[in-house]
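Everything below concerns the one structure shown next.
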Amino acid sequence: MRSKPGEGSTFTLYVPLEAELTSTAAIGTPARYDNSGAVVPTALPTEFEVSDDRDRIGKDSFVLIVEDDPTFASILLDAAHEAGLKGVVSTAGAGTLNMARKLQPTAITLDLGLADIDGFVLLDLLKHDPETKHIPVHVISGADRSRSVIGMGASG
């Protein structure tokens, strides 16, 4: 049925009288992007394995390296080792939030140009999650975006 000019549509919105919190993420500053908890498959298959320290972390300080380029991931892992840190490499953005929650790294390096998720979205999710917002995130980007990422909570 078509509306006549000058007539509008009627919409009904039902709002529950009592809201139920489904996660601790609802407490505090809300994220700009919604993470339903769905597992996002990687856009491109990850065909590389970087031999990292995930099986030898113990209680040592370590950095979570979020990088989908195998060469650069290895360079960042070497830099972490030179700084006296262990490193764990996440080759895709999907799953990184859960990995950071579980492992609680000392710091995170984040590539903004991931193949499967926008790095800005992942940064926003990390900084608005109660379990990861305290972790310093150092953004790795070919473009100078330091002002925008610092404003979103990145450490550098």
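Each reported figure results from applying straightforward, stated rules to the coordinates on display, with no laboratory input. The shown structure was predicted, so the numbers you read here are calculated from the model rather than taken from an experiment. Cβ: placed from backbone, ideal geometry, glycine included. Neighbour counts: every protein chain shown.
Where does each of VAL88, VAL50, VAL66 land when they are ranked from fewest to most other beta-carbon atoms within 10 angstrom?
Values: VAL88 23, VAL50 17, VAL66 30.
Result, fewest neighbours first: VAL50, VAL88, VAL66.
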Report summary line: Simple SL model, points at 7 angstrom along Cα→Cβ for ALA115 and GLU7; separation in nm is 5.3
Query raised in the report: Once label points are set 7 Å from the Cα along Cα→Cβ at both GLU131 and THR71, what is their separation, rounded to one decimal in nm?
Result: 3.6
Report summary line: Each label sits 7 Å from Cα toward the beta-carbon; between ASP55 and GLN104 the label points are separated, in nm, by 2.5
Query raised in the report: Which far-off residues, 5 or more places away or on another chain, put their amide H under 5 Å from the one on LEU112, with H placed in the peptide plane?
Result: ILE140
